[in-house]
Amino acid sequence: MLKTLFKLILKFLPESMRQRVLEEAGASLSSKALGESMQRLALRHSESIPADQALGFLFRLDNHLYSLQGRHSIRYNDGVHTKHLHTGYHDFFINRVKAGERVLDVGCGTGMLAFDLADKAGGLVLGIDLEEKNITIAKKRFCHANVEFVVGDIMQYSDNRPFDIVILSNVLEHLTNRAGFLRQLAQITKSYRFLIRVPLFERDWRIPLKKELAVEWRLDPTHETEYSQESFAQEIDEAGLKITHQEIRWGEIWAYVVLPKATTDTV
């Protein structure tokens, strides 16, 4: 990982500085030496250029680091990102699903949450995802008697049985017409309860600064949006839904959302 990052840092440098650094570093540095070299390199280069360029350089480096950290967190935890273990967001969903309820997990990914909803909450879960490779992994790794995994688009999925609750965990931010999607999803699933998790734009002071400097500011470049509390509330209102409970955790919004007729439900 360090050697990969070292190469990434070099990519941002002028050719003259790049050659000098390579000569100083040598061909085979230890991990400790590589780390120290990268720190010196980042410091030297950032202090040699104007502040806006220095910030752009450091923020782009930060983005590469974030991506690498995610990749190796998955390696470290045998194929599953450690955020599933550390953030506790599974519990937010599990605690709001009752045994025997029919649960739809839209964009279920590789299936760990769907498995927990069945195994720990007693739900009868359908996990659906657009990516066949995700469903292949889910069926192998998170097989459960009360979970069915399918490849498909929920907007085109045919199932006449109503769902008691719908899970949207890091899904909405990938869509364009999100309010319209929610309205249609409520009609298709016949559900009046939704559990939603989305990324928060206001998670860190660096995010608006990255955006100001035209550096990639999103957690994932496929995100169409990342929310403020106000924009999330407005979108839910536009969908004809109502937030009855909301938590801000780990730079995310976790919300229990219902159709207005169901606002007397407990959360």
Scanning the stretch 153-173 residue by residue, those over 25 Å from residue 83 (Cβ atoms) and over 20 Å from the mean Cα position of the chain (by Cα) turn out to be 155, 156, 157, 158, 159, 160, 161, 162, 163, 164
Tell me, yes or no, whether the stretch 55-78 has at least one residue that is hydrophobic (A, V, I, L, M, F, W, C), modelled with pLDDT of 95 or more and over 22 Å from residue 147 (Cα atoms). yes
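Applying the selection to the stretch 70-98, what residues are part of a helix (DSSP H, G or I) and over 25 Å from residue 196 (Cα atoms)?
Taking the stretch 70-98 and keeping what is part of a helix (DSSP H, G or I), we get 70-76, 83-86, 89-94.
The answer is 72, 75, 76.
Need a quick list: helices (runs of 4 or more DSSP H) entirely within the stretch 99-215 having at least 1 residues that are in the same structural domain as residue 244 (by TED's automatic domain parsing) and exposed (fewer than 14 other Cβ atoms within 10 Å of the Cβ).
132-141, 178-189, 206-212
The values are calculated or read from the model by the stated rules, or taken from the named source; none is laboratory data. For clarity, every value in this text was computed on a predicted model and none was experimentally measured. A quick note on method: Cβ atoms are made from the backbone with ideal geometry, for glycine too, and the neighbour counts reach across all protein chains shown.
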